[in-house]
Amino acid sequence: MITIVKLQNLFGDLSPRGMEQVFTDWEMLVGFGAKAECAPIVIASGAAEIDRHMDSNHVVIETQIEKNDAGFGHIYFAFPNALVIEIIGEVLMIPDSAKEEKAKSGLSKNDIETFQEMANLLCGSWNRVFQDLERNLRISQSVDDLKVSPSVGAKSALISRIPEGRVAWVETKVLAGDKTYPAMIVLPFGVALAVAEEFYATTDPRSARASGEDRAA
C-alpha cells in the first residue's frame, strides 16, 4: 500500500523537478524567468479546503495523466491571475500600463488563448521529466484533454473544475522578479496513488486505476 510518507518522498522530488523544468523552458522560449518552491504534498478533503490558499482570481490548467495513451486521471495546475498576466505580458511584450489594466478588468478570451499555449509548454516540460526518470507516463497535450479555465466572478475555477472527493496537493510559491505568487499542483487522491504505483512498482486498491475513477472510493 502507498503511504503518505511514500507520497511525500515521491512528490518531494517530482514536484520541484517538474516546475523547475517548466520555468526553465518558459524562460528559454518566451523569456519569462521564475523559480518555484514546492511544499510537501498534503491530503485534503476536497477542492473547497485548498481553495482558500489560492487568490480568488485564478486560472486552472487541467489535463490527463496517461500511460500507454490511456488516461487514468486528471492533474491540475493553478496560478493566480496576477502571475498569468505577468507571463502573457512577457509573451505578448505588452507594457506595464497594459498589465495594470488587465489586472483591473480581468483576463480576456485572447489572454486565456495565449496562456493555453503556455499550458501546452507546461505539459511538455513535465513529459520531459517523466522521460528523464524513465517512467512510462505523460501529461496529455491533446486539445480534447488540455483545458484552461479562469475563475468567473466569485466562482472559483478550482472548485468548478476539480471533482468532489479527497485531493493530494502541492502548495507552490512562484518567485518572479521581486514578487512571490501562490500556485498549486492538485491531483485527485486516487490519481496521486496511481502515479505512485508507477514509481514504486506496487498496487494500491485505492488508486484511480483500481476504482476507475479520479477519486478514491
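The values are calculated or read from the model by the stated rules, or taken from the named source; none is laboratory data. Not measured: the values here are computed from a predicted model. Here the Cβ is made from the backbone with ideal geometry for all residues, glycine too, and neighbour counts use every protein chain on show. Accessible surface areas use protein heavy atoms only, side chains included; no ligands, DNA or RNA. Shrake-Rupley method; radii C 1.70, N 1.55, O 1.52, S 1.80 Å.
List the residues, sorted by chain then number, that are 5 or more residues from residue 165 or on another chain and whose placed amide H is less than 5 Å from its amide H.
47
Excluding residue 114 itself, what net charge comes from residues whose Cβ is under 14 Å from its Cβ, given Lys and Arg +1 and Asp and Glu -1?
Working: positive: 99, 102, 109; negative: 86, 90, 111, 113, 117.
Neighbourhood net charge equals -2.
Which of the aspartates and glutamates could be linked to residue 179 by a straight reach, that is with a Cα gap under 12 Å, when you skip same-chain ones fewer than 8 residues away?
Straight-line reach from residue 179, under 12 Å: 86.
Go through region 41-51 residue by residue and turn each phi into a ³J(HN,Hα) via Karplus (6.51, -1.76, 1.60, θ = phi - 60°); whole Hz please, and just put x for glycine and proline.
5, 10, 9, 10, 5, x, 4, 4, 5, 8, 4
Which whole-Hz couplings ³J(HN,Hα) result when phi for each residue of region 166-182 is put into the Karplus expression 6.51 cos²θ - 1.76 cosθ + 1.60, θ = phi - 60°, listed in order with x for Gly and Pro?
Taking θ as phi minus 60°, the curve returns 5, 10, 9, 9, 10, 6, 10, 10, 9, 9, 10, x, 9, 10, 10, 10, x Hz for region 166-182.
Which entries of 6/35; 6/109; 104/173; 102/173; 6/102 show an alpha-carbon separation above 32 angstrom in the structure shown?
Numbers: 6/35 25 Å; 6/109 41 Å; 104/173 23 Å; 102/173 22 Å; 6/102 42 Å.
Over 32 Å Cα-Cα: 6/109; 6/102.
So which trypsin sites (Lys or Arg not before Pro) in region 1-58 pass both tests, a DSSP loop state and at most 11 other Cβ atoms within 10 Å of the Cβ? Working shown, then result.
Values: sites: 6, 17, 35, 52; in loops: 52.
Sparse-neighbourhood loop trypsin sites (Lys or Arg not before Pro): 52.
From the square roots a ≥ b ≥ c of the eigenvalues of the alpha-carbon gyration tensor of region 128-196, which class results: rounded (a/c under 1.5), prolate (a/b over b/c), or oblate?
Note, shape of region 128-196 comes out oblate.
Express the accessible area of the chain per residue in Å², computed with a 1.4 Å probe while the remaining protein chains stay in the model. Can you show the working numbers first?
Working: 10310 Å² over 217 residues.
Dividing the accessible area of the chain by its residue count gives 47 Å².
Show me the ranking of peptides 201-209, 188-196, 147-155 by mean Cβ neighbours inside 10 Å, starting with the highest.
Details: 201-209: 16.7, 188-196: 26.1, 147-155: 15.1.
So the order, starting with the most tightly packed, is 188-196, 201-209, 147-155.
log₁₀ I(q)/I(0) of region 4-202 at q = 0.15, 0.17, 0.18, 0.19 Å⁻¹, via Debye over equal Cα point scatterers, no solvent, to two decimals?
-0.89, -1.17, -1.32, -1.49
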